[in-house]
Every structure is written in structure tokens, then in C-alpha cells.
Amino acid sequence: MPTSLKDTLTFSDALRMTGPMQFNVMIKPAGSLCNLDCHYCYYLDKAEIYGGHEPRMSYEVLEKCIAEYIRANDVPEVTFNWHGGEPLVLGLDFYRKAVELERKYSSGKTICNTIQTNGTLVTPEFAMFFRDNDFLVGISIDGPEDIHDRYRKDKGGAPTFSKVMRGIELLHRYGVRYNIMSTISKAGEGRGLEAYLFLKRLGTRFMQFMPVVEHVKYHVGKSGKPVKGVRPHIVDPYEEGSRIAPWSVSPLGFGKYMCDIFDYWVRNDVGQYFVNLFDCTLANWCGAQPGTCSYAETCGGNSVIEHNGDVYVCDHFVYPGYKIGNILDTSLREMMNSPVQIKFGTDKRNRLPGKCIRCRYYSACHGECPKHRFNVSESGETGLNALCEGYMMFYSHVAPYMDYMKGLLLEKKAPAGVIPWARLRTGR
């Protein structure tokens with residue numbers, strides 16, 4: 001096996017670059033503007049790029065964004081992903097206009113919408129709009145009240161759990177499709193199964209767990225010590241003077257969190273409840289596309305359009321050095337086909353240390369997201385994923401069950417057939 005993939009272009013890369021264009025963008029119509037002040041939010045600090053003002057996407061930029069995105073995708077179905085910050089701060093009329101423009105420029109394509117929200121601004125009017133226009137709503141909630149409220153505060157430092165729960169209740173009452181996105185931070189360590197069982201009761205069968213590993217720089221006073229009460233600045237891991245944020249999950253804490261959920265899921269919930277990491281692992285185990293860029297071999301097909309039309313290579317790389325243009329000046333198709341964007345995508349694979357390439361779980365993990373690759377391997381190679389130990393724990397733990405489910409799929413049987421085998425194997 002090679003020890004380096006530097007500057008490699010594979011046949012799959014060539015097919016992707018020359019075939020029909022298909023990509024996703026995360027649209028941030030309110031930029032980093034949000035009504036909350038979550039400790040670990042990596043996007044709040046992006047306001048500094050735009051002078052710290054409260055941004056709002058103009059209707060001119062909105063129309064250009066929608067027309068360009070639909071036109072650039074050579075596929076019959078196009079999904080708009082509305083994100084933030086908090087996208088609901090723009091109000092309902094903005095999304096009514098967006099849907100109107102989607103219909104205007106659809107050109108016979110099927111248009112879908114997803115929106116990620118903290119849930120605190122959901123109203124009956126928003127819920128009815130989401131239902132009537134078939135929006136899939138992603139709700140951010142981290143688990144039981146004490147876990148959620150540890151780091152998810154409003155601007156005044158007050159807890160937000162009860163407001164999120166009211167938002168979820170409204171979505172449920174009005175028949176809106178929604179799923180759950182939960183972060184795994186220091187607050188959740190050792191409580192994975194507890195969080196999972198709680199989230200199951202919220203009325204959705206789809207859950208995504210996102211590990212929090214961020215770097216920060218503190219505001220330092222004349223004494224040379226961090227200023228109390230001032231939010232630390234979340235920065236690029238390679239920025240001089242940065243350090244791991246105190247709310248970051250530990251590698252083994254992350255691994256145990258997901259193993260504890262998996263042990264319950266594989267004995268009870270396969271085929272009934274869907275967890276992003278488990279689905280992606282099984283897909284990679286079978287040689288299929290994982291459906292999430294973090295676990296794909298390469299990336300570059302999930303860019304960001306900011307409120308003013310600026311385009312960045314990825315949601316986690318909204319830094320000036322990763323801006324690839326603006327939709328008011330350059331076509332989205334041209335930007336997504338640019339050498340910078342293509343290199344960013346293939347670098348996900350090509351810049352991995354040899355330890356990753358030689359790892360028996362390489363095809364399951366693919367080094368995970370580049371945003372977490374700031375550790376150094378034992379041999380001194382840079383770019384090792386900070387959560388490597390946790391992923392090794394998880395993949396070695398689930399391997400027998402993934403093998404079994406892969407066998408079931410090869411026999412054209414449902415993966416849920418693993419449940420009785422798992423119960424017999426574990427004696428539970």
C-alpha cells in the first residue's frame with residue numbers, strides 16, 4: 001500500500017470532474033447572525049469577515065443564487081440547504097420569496113428544501129409554511145436539558161432547552177418533517193446512550209451526531225491572562241497562539257459515546273432509527289458512497305454561499321484564504337469547477353499522513369473531516385485527525401456487526417436481520 005497519495009488523481013476523480021455536474025451548497029442568507037450564543041459555534045465569529053454588522057441577503061443576491069444553483073446542477077432534483085447562523089431570523093417572507101423564485105427558475109427540475117435551525121424561533125406560521133412547502137427541518141438539540149443547556153445559551157446567557165422543545169412540539173403538531181442534529185461536546189461525555197434514548201422520544205427517526213473539536217484564542221488583558229466574561233474567538237487550528245477549546249470532546253470520549261449508542265441500536269433499532277455515522281459506516285463497508293462528505297474519500301462538493309454572494313470551499317473553511325469568488329461576478333458552475341475547489345476536494349485524500357493510508361479502517365473513515373486534522377502522528381507526519389483514537393475504538397467495536405450486515409445486503413436481505421444475531425452475540 002502506498003505511504004503517500006500526494007497529487008494523486010484517480011479515475012473516480014476524473015469521472016466526477018468530466019461527468020454531469022452535481023454538487024450541494026449551504027446557503028447562509030443571514031450569514032453568522034443568530035439569536036443564540038452557543039459556546040462552541042464555529043460560525044458566530046465569521047461576522048468579523050464582514051465588519052461585524054448584521055447581514056441579510058438581498059433579494060437580488062437571493063434570485064441570483066437560486067437561478068445559478070439550479071442552472072449549474074445537471075441533475076433532475078436540486079436541494080436547497082438553508083443554514084446559518086440562524087436562518088429563521090430573516091422572517092417568513094424571505095422564504096416565501098425563495099420558494100417563489102425556485103418555482104420560477106426550476107426549469108422542470110424537482111426542487112427540495114432543507115433548513116437547519118436552533119428551533120427557538122419556530123412559530124405556528126413557520127410550521128405551516130414548512131409543512132405546505134415540504135421543507136425538511138433540521139433541529140439542533142444536544143440531548144437532555146442539562147447537556148443541551150451547558151453550552152447552548154442565548155445572548156443573555158440564559159438556557160434555551162425549553163424554547164427548542166416548544167419549537168419541536170410545533171413541528172410535530174403541524175406535521176412537519178424534521179430530523180435531529182446533536183453535537184458531542186465535553187458536556188455529553190459518558191452519556192451517549194442517555195442522549196440517544198432521549199432524542200428517540202422527540203418524534204424523529206433520523207439523527208446526526210457531530211463531534212465538537214474547536215480551537216480558540218482568548219482575549220488577553222494587560223495582566224496577560226484571558227479576560228473573564230469575553231467570548232473566546234474560534235479560529236483556524238493552525239493560527240498561532242490557538243489552543244483546544246475547553247468544550248471539545250476527547251477522542252476516547254467521542255468513541256465511547258458512539259459505541260454506547262451503537263450497542264443499543266444494533267440490538268433494537270436497525271432499520272427503524274437511522275444514525276448518520278452508522279449509515280455512513282455501513283455504506284463505506286459495502287463500497288458505496290457514504291452520503292456525507294466527512295466520510296467520503298474526497299470532498300469539495302459542499303460549498304457555502306454567504307449573505308452577499310461570496311462563495312467558500314466549505315462551511316468549516318469560511319476564512320478569507322478559502323474564498324473562491326462571488327456569484328454576482330462569476331458563475332457558480334465556474335467556481336465549482338475551479339482548480340482551487342477541485343484541489344480542496346482531492347486534498348482530503350492526498351494530504352493524509354501515511355498512518356491513515358495504511359490503516360485497516362481507511363476505507364471506512366477516509367480521515368474524516370479536514371477540519372479535525374491538526375494532530376501529528378508518532379512518526380511526525382502532520383494532518384492526523386484529532387479524533388483518531390475515538391474512531392479506531394468505534395470501527396474496531398462495530399466491525400463484526402458491519403461484516404454481518406454487509407453479508408445480509410449481499411444476500412439481498414435487510415440489515416435489520418443483524419438484530420437477533422447481535423442479541424445472541426452479546427447475550428442481551
*In debye, nearest 20, what is the charge dipole magnitude of the chain about its Cα centre with +1 on Lys and Arg Cβ and -1 on Asp and Glu Cβ, if you could check?*
820 debye
*What is the antiparallel percent of DSSP beta bridges lying wholly in the stretch 87-224, to the nearest 5?*
5 percent
*Work out how far the C-alpha atoms of the stretch 210-343 reach from end to end along every principal axis, then list the three figures in whole Å, largest first.*
56, 46, 23
_Reported label for calculated semi-axes √(5λ) of the Cα gyration tensor in Å given (i) 30, 28, 21; (ii) 31, 26, 26; (iii) 38, 32, 25_ = (ii)
*asked:* Could you tell me how far the Cα centroid of the stretch 155-232 sits from the Cα centroid of the stretch 251-287, in Å?
replied: 20 Å
*Can you tell me the accessible area per residue over the stretch 17-138, all protein chains present, probe 1.4 angstrom, in square angstrom?*
41 Å²
*For Gly143, enumerate residues with amide H under 5 Å from its amide H, sequence gap 5+ or separate chain, H modeled in the peptide plane.*
His148
*Computed over the stretch 96-236, Cα set: Rg, Dmax in Å*: 18.5, 63
*Send over the per residue convex hull volume for the stretch 73-119, Cα only, as a whole number of Å³.*
71 Å³
*Could you provide, to the nearest whole Å², the per residue accessible area of the stretch 219-376 with probe 1.4 Å?*
43 Å²
*From the cross-link list Lys186/Lys343; Lys97/Lys348; Lys104/Lys200; Lys348/Lys413; Lys46/Lys348; Lys348/Lys412, which pairs have alpha carbons spaced over 28 Å apart?*
Lys186/Lys343; Lys97/Lys348; Lys104/Lys200; Lys348/Lys413; Lys348/Lys412
*Mean projected area (nm²) of the alpha-carbon convex hull when the stretch 72-175 is viewed from all directions*: 7.5 nm²
*If packing is taken as the mean number of other Cβ atoms within 10 Å per residue, what is the order of 361-373, 98-110, highest first?*
361-373, 98-110
*asked:* Taking each pair of distinct Cα atoms in the stretch 249-292 once, what is the resulting Kirkwood hydrodynamic radius in Å?
replied: 11.3 Å
_I'd like the carbon and sulfur percentage of the solvent accessible area for the chain, probe radius 1.4 Å, heavy atoms only, ligands and nucleic acids excluded._
53 percent
*asked:* Check the chain for me: any Cys whose beta-carbon has no other cysteine beta-carbon within less than 4.7 Å?
replied: Cys34, Cys65, Cys112, Cys259, Cys280, Cys286, Cys314, Cys356, Cys359, Cys365, Cys369, Cys388
*With eigenvalues of the C-alpha gyration tensor scaled by 5 and rooted, the stretch 315-428, Å*: 37, 21, 12
*asked:* Can you work out the Karplus-derived ³J(HN,Hα) for every residue in the stretch 83-88? Use 6.51 cos²θ - 1.76 cosθ + 1.60 with θ = phi - 60°, whole Hz, and x for glycine or proline.
replied: 9, x, x, 10, x, 6
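The values are calculated or read from the model by the stated rules, or taken from the named source; none is laboratory data. Model, not experiment: these values are computed from the prediction. Reconstructed Cβ throughout: ideal geometry from the backbone, glycine too, with neighbour counts over all protein chains shown. For accessibility, only protein heavy atoms count, side chains too; no ligands or nucleic acids. Shrake-Rupley method; radii C 1.70, N 1.55, O 1.52, S 1.80 Å.
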